[in-house]
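For reference, the structure discussed in these notes is given below.
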Amino acid sequence: MNILKKNKLKILNDPIYGFIKIPNSLIFDIIEHRYFQRLRRVTQMGLSYLVYPGANHTRFHHAIGCMHLMQKAVLVLRSKNIEISKEEANALYIAILLHDIGHGAFSHALEHSIVNGISHEEISLLFMKKLNEEFDGKLSLAIAVFEGKYHRKFFNQLISSQLDIDRLDYLKRDSFYTGVTEGNVSSDRLITMMNVKDDELVIEQKGIYSVENFLIARRLMYWQVYLHKTCLVAESTLVKVLKRAKDLSKKGIKLPATGTLQYFLQNAVSKDNFTDEILEIFSKLDDYDVLSAIKEWTFNEDFILSSLSKMIINRNLLKIELQEKTFTKKHYEGILRDVKKELKLSKEDLHYFVFTDVIENQAYNIRKPIKILTKKDKLKDIAKASDQLNVSALSKPVVKHYFCYPKNFLTN
């Protein structure tokens, strides 16, 4: 029997970058692995499609885009006489390809509800180590780069810093799919301006305005997209739904859900007990599990679970107020009192429908500076190198408070 050999040097067509080449057979096999294929079923922006209908792109799109940009970055740095071996380049491609593999269903919402005390970065590392076993240690260098343990500091900065490949892709990609043009950064220009000085990733002085535009784009995308008030209330409601489902499951009430989701509802999962067995179950959990369960829960006899589920499915969300100052005690307690009376809820259950929280937007963190390489071969923080005052302003955290409650309960 003749078995045709699979062509592993595939080319993918991306709506943003055009053709993306898979560099070698190892990376092809990693992409083909079921752990990575799960990312096709995890949206990049959670419930943001409730605000921006086009925002249905996935973590898979993003990871492939990052790998493409990393290939460009390696070419640029090599052209500037920065030595990067074939093995090192491959490690960079794998590390950026897998940097988000640990994201759960609907991304950040899962981290705050049914899985506790373990971040998606930590789960990504667990996946990478498991894949390394399957691929006979071929991911070891990539893992060292991802963890920041490799001796060349700028390698990790390409993966995780204030101007990394991850941000260059997600800002451009999220801008494209939402239609919010303010986030459309010039990733090609920024990568072309990359260099290395004293083992640090730097941007050449002629790229300074591109860096400024990048920081402003990031700030605008956070306010207009990631921290959009409807996105905030949608994600908060999703967290509340999952927490309510978990609370009911703890009481022995079996809810309709896939076996995978059922496991996380019935068991306390945290960093301390995140075993290989749990990782395997987690690898089967995606947006489809959560959304199909929420559809079923709209019919549940539990008033809280069904009401919150209907809010998400029907996009009939809680009202949200957003302001710079904290909400007055009188305003908060007035709405709390009205909701309690109208919905006949216990004091312990009110938090599902009435709650406040805080968001923060800091476009630039001066503690992890973006370094500009001046024409005199000196390094300067972008905040000092920029002739615009806006970079300094962008380093100040902007804090806002939000308050969610049912729409029908407005007090004077």
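The values are calculated or read from the model by the stated rules, or taken from the named source; none is laboratory data. As the structure is a prediction and not an experimental result, all values here were calculated from the model. When we count neighbours, we look across all protein chains shown, and the Cβ atoms used for this are built from the backbone with ideal geometry, even at glycine.
Tabulated data
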| read-out | value |
| --- | --- |
| Leading residue by the ranking (nearest to LEU47 (Cα to Cα)) among those in segment 263-286 that are touching a residue at least 60 places away in the same chain (Cβ under 8 Å) and touching a Ser or Thr at 6+ places or on another chain (Cβ under 6 Å) | LEU285 |
| Answer residue from segment 152-177, given it is hydrophobic (A, V, I, L, M, F, W, C) and in contact (Cβ under 8 Å) with a residue 60 or more places away in the chain and is farthest from TYR222 (Cα to Cα) among those | PHE155 |
| Residue ID - surrounded by the most Cβ atoms within 10 Å (Cβ to Cβ), chosen from residues in segment 346-379 that are assigned to a loop (DSSP other than H, G, I, E, B) and without any contact (Cβ under 8 Å) to a residue 24 or more places away in the chain | LYS378 |
| Residue tally, condition part of a helix (DSSP H, G or I) and more than 17 Å from ASN132 (Cα to Cα), over segment 70-88 | 11 |
| Candidate set: segment 268-283, residues that are exposed (fewer than 15 other Cβ atoms within 10 Å of the Cβ) and out of contact with any strand residue (DSSP E or B) (no Cβ under 7 Å at 6 or more places or on another chain); chosen: the one nearest to ILE312 (Cα to Cα) | ALA268 |
| Residue list for segment 116-162, restricted to those being in contact with an Asp or Glu (Cβ under 9 Å, 6 or more places away or on another chain) and of a type in the set (Gly, Ala, Ser) | GLY117, SER119, SER124, SER160 |
| Residue within segment 28-39 that is of a type in the set (S, T, N, Q), over 28 Å from LEU163 (Cβ atoms), modelled with pLDDT of 95 or more and surrounded by fewer than 20 Cβ atoms within 10 Å (Cβ to Cβ) present | yes |
| Residue check for PHE60: touching a residue at least 24 places away in the same chain (Cβ under 8 Å), surrounded by fewer than 21 Cβ atoms within 10 Å (Cβ to Cβ) and assigned by TED's automatic domain parsing to the domain that holds ASP174 | yes |
| Top-ranked residue in segment 107-132 [being modelled with pLDDT under 90 and in contact with a helix residue (DSSP H, G or I) (Cβ under 6 Å, 6 or more places away or on another chain); ranked as surrounded by the fewest Cβ atoms within 10 Å (Cβ to Cβ)] | GLY117 |
